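Undergrad: Dropping the structure in here first, questions after.
The values are calculated or read from the model by the stated rules, or taken from the named source; none is laboratory data. Everything numeric in this text was worked out from a predicted model, so none of it was measured. Note: ideal-geometry Cβ built from the backbone for every residue, glycine included; neighbour counts use all protein chains shown. Accessible surface is based on the protein model in full, side chains and every heavy atom, while ligands, DNA and RNA are left aside. Shrake-Rupley method; radii C 1.70, N 1.55, O 1.52, S 1.80 Å.
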Amino acid sequence: GQANSARNFYVDFFSGSQVADGSMECPFKSLDDLKSIEFLPGDCIHLAGNQILTGTIRLKGIKATSGNPLTITSYGAGVSHIYSADSSAVVIDSCENVHVKNVVVKGSGRKKGNKGTGIEVVNSRFIEIDRVESSGYQMNGIGITGGGNVRVTHSYVHDNGYNGIEVTGKWGTK
């Protein structure tokens, strides 16, 4: 059989570590540090609980499997908060088998400059969004465009501009 190549990446703004390599002992300090990572099936992004991390997590073209999904989740005590200001918090574009769970995403406010969607799923399949709270977005708390087999469970989506949860077909088709 093939060895599990799953890797774990940790983000903890308040880590006292001088080195930031994404390990549990030396976590990244910001979501921006994730931009240079080429994620693989089975990888897990762990966000420190009871913290507000600023920015956006963008995943594009990741083809994970049901047995080895790519996961974004909180770790430690409490739930992690992603504050994405005027843009989207998590963008999943042309991916398969991505799980987002146990996080809060918050924009600057639907009338205060935000132009995004909390969790934006575009042309992706086999996506699971569980135990997520999403608010403060001009567009949608959770937006799903194209793709298929997307599950949203146990989530609280409120105080967004257009929709709490919007599901649409592929752009340009009827």
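Undergrad: Which condition does residue 147 not pass, out of (1) open to solvent by less than 10 Å² (accessible area, probe 1.4 Å); (2) at pLDDT below 95, if it passes all the others?
TA: (1)
Undergrad: Is it true that some residue in the range 110-123 is small (Gly, Ala, Ser) and under 17 Å from residue 49 (Cα atoms)? Spell out the reasoning first.
TA: First pass over the range 110-123, keeping only residues small (Gly, Ala, Ser): 113, 116, 118.
This time we only want the ones that are under 17 Å from residue 49 (Cα atoms), so: none.
Looking through the range 110-123, none of the residues is small (Gly, Ala, Ser) and under 17 Å from residue 49 (Cα atoms).
Undergrad: If you don't mind, there's one more thing I want to ask. Given the conditions (1) in contact with an Asp or Glu (Cβ under 9 Å, 6 or more places away or on another chain); (2) farther than 20 Å from residue 80 by Cα; (3) not β-branched (Val, Ile, Thr), and given that residue 96 satisfies all but one, which numbered condition is not satisfied?
TA: (1)
Undergrad: Which residues, taken from the range 33-63, are over 19 Å from residue 104 (Cβ atoms) and open to solvent by 20 Å² or more (accessible area, probe 1.4 Å)? Walk me through it before giving the result.
TA: Within the range 33-63, the first condition is being over 19 Å from residue 104 (Cβ atoms), and the residues that meet it are 33, 35-43, 60-63.
Correct list: 33, 35, 36, 37, 38, 39, 40, 41, 60, 61, 63.
Undergrad: Could we say that residue 156 is open to solvent by 60 Å² or more (accessible area, probe 1.4 Å), free of Cβ contacts under 8 Å to residues at least 60 places away in the same chain, out of contact with any Pro (no Cβ under 9 Å at 6 or more places or on another chain) and within 22 Å of residue 108 (Cβ to Cβ) here? Walk me through how you get there before you give the answer.
TA: Working: open to solvent by 60 Å² or more (accessible area, probe 1.4 Å): yes; free of Cβ contacts under 8 Å to residues at least 60 places away in the same chain: yes; out of contact with any Pro (no Cβ under 9 Å at 6 or more places or on another chain): yes; within 22 Å of residue 108 (Cβ to Cβ): yes.
The answer is yes for residue 156.
Undergrad: Go through the range 108-124 and give me each residue that's under 15 Å from the mean Cα position of the chain (by Cα) and open to solvent by 40 Å² or more (accessible area, probe 1.4 Å). Give the steps one after another, and end with the answer.
TA: Narrowing the range 108-124 to residues under 15 Å from the mean Cα position of the chain (by Cα): 116-122, 124.
120 - this is the single residue of the range 108-124 that is under 15 Å from the mean Cα position of the chain (by Cα) and open to solvent by 40 Å² or more (accessible area, probe 1.4 Å).
Undergrad: Here's a check for you: in the range 3-21, which residue that is at pLDDT 95 or above and assigned to a loop (DSSP other than H, G, I, E, B) is surrounded by the fewest Cβ atoms within 10 Å (Cβ to Cβ)?
TA: Start the filter on the range 3-21 by keeping residues that are at pLDDT 95 or above, which leaves 7-12.
With the extra rule that they be assigned to a loop (DSSP other than H, G, I, E, B), the set shrinks to 7, 12.
On the way: 7: 14, 12: 23.
Looking at residues that are at pLDDT 95 or above and assigned to a loop (DSSP other than H, G, I, E, B), I get 7.
Undergrad: Moving to a separate point now. Output the residues belonging to the range 87-107 that are among the β-branched types (Val, Ile, Thr) and either more than 10 Å from the chain's Cα centre (by Cα) or buried (at least 22 other Cβ atoms within 10 Å of the Cβ) (or both).
TA: 90, 92, 98, 100, 103, 105
Undergrad: Could you list all residues from the range 43-59 that are part of a strand (DSSP E or B) and under 18 Å from residue 99 (Cα atoms)?
TA: Passing the criteria: 44, 45, 46, 47, 48, 57, 58, 59.
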